[in-house]
1. For the range 71-104, give me each residue that is part of a loop (DSSP other than H, G, I, E, B), among the charged types (D, E, K, R) and more than 25 Å from D223 (Cβ to Cβ).
2. Please verify whether the range 226-242 includes one or more residues that are in contact (Cβ under 8 Å) with a residue 24 or more places away in the chain, touching a helix residue (DSSP H, G or I) at 6+ places or on another chain (Cβ under 8 Å) and of a type in the set (D, E, K, R).
3. Which helices (runs of 4 or more DSSP H) sit wholly inside the range 169-262 and have at least 2 residues that are under 18 Å from the mean Cα position of the chain (by Cα)?
4. Look at L14 and say whether it is among the hydrophobic types (A, V, I, L, M, F, W, C), in a helix (DSSP H, G or I) and surrounded by 12 or more Cβ atoms within 10 Å (Cβ to Cβ).
5. Give the number of residues within the range 61-80 that are within 20 Å of D228 (Cβ to Cβ) and in contact (Cβ under 8 Å) with a residue 60 or more places away in the chain.
Amino acid sequence: MKPVAVIGLGDLGLACALRLQEVDAQPQGIDPAPARQAEWHQLTGLAAGAGLDELRDEIAEIFVCVRTTAQAAAVLDELRTQSATCDRVAYVITTLEPAFAQGIGSYGAERFRVIELPVSGGRAGARRGDLTVMVGGDQAAPGDTEFLQRTLADKVFSFSRFGDATVVKLLNNVLGAYNAAAFANCMALADRAGIDASNCADVIRTATGTSWMAEHFSVLVDDLLAKDAGLLAGELGPLPVIDLADADGFITLLAQSRKLIS
């Protein structure tokens, strides 16, 4: 394994870094927060860097796991100014604003490639190494996909245009948000009917109405779901309102979608 760096040791970044250590990828953790540096040291016995000026020259694979688009842009700007002694690739795991993701390839240079890499599976998937990852852009090489499959990913999907992987990730998360909202509405309907919502939830979680969101409803990160819905709406316009009382519209919608994916 080549040595790697993980920039951003929050929930997902830390999980990725620990998984990379398990498969002997020799990760260097970097995060400006002292508490996260201390947690990294406690879990791995390794010292974490506070900034990119501590990035080792031999690092070839860099995972950018910061929280916001602005933070990702700042990391890429700084990486672009550094003189590396090896070919480098930066996997940008951060969920980006679509307009920024479409132009992220411009950060790439002769010795520095950028791969848009939104993921699904969260902290648990990263620790198990079975994330679903979306490789975006035209700077990825076959070896990059193989590296991801050896380390973090169970399924890898490729998109040749920068930005498409981010939109697909947002669509996935927005569908999850719809599922969470539908589950919440059904609990409210159960209460309106005088039914114990907790008992109703147990039934749904073992029946055909279940979903990943229903099964993990109590631990959802609500603000992140709302943020991703806002990002997608900013890119594609107002999100659809689903009216199940409109039977004809509902049936037509299902028919159109089946035709699209067939």
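1. D87
2. Yes; the residues of the range 226-242 include at least one that is in contact (Cβ under 8 Å) with a residue 24 or more places away in the chain, touching a helix residue (DSSP H, G or I) at 6+ places or on another chain (Cβ under 8 Å) and of a type in the set (D, E, K, R).
3. In the range 169-262, 212-215, 222-236 are the helices (runs of 4 or more DSSP H) which contain 2 or more residues that are under 18 Å from the mean Cα position of the chain (by Cα).
4. Criteria met by L14.
5. Within the range 61-80, residues that are within 20 Å of D228 (Cβ to Cβ) and in contact (Cβ under 8 Å) with a residue 60 or more places away in the chain number 1.
We did not get these values from a lab; they are worked out from the coordinates using the rules stated. Because the structure is a prediction, the values reported are computed rather than measured. No Cβ is skipped: glycine too gets one built from the backbone with ideal geometry, and neighbour counts run over all protein chains shown.
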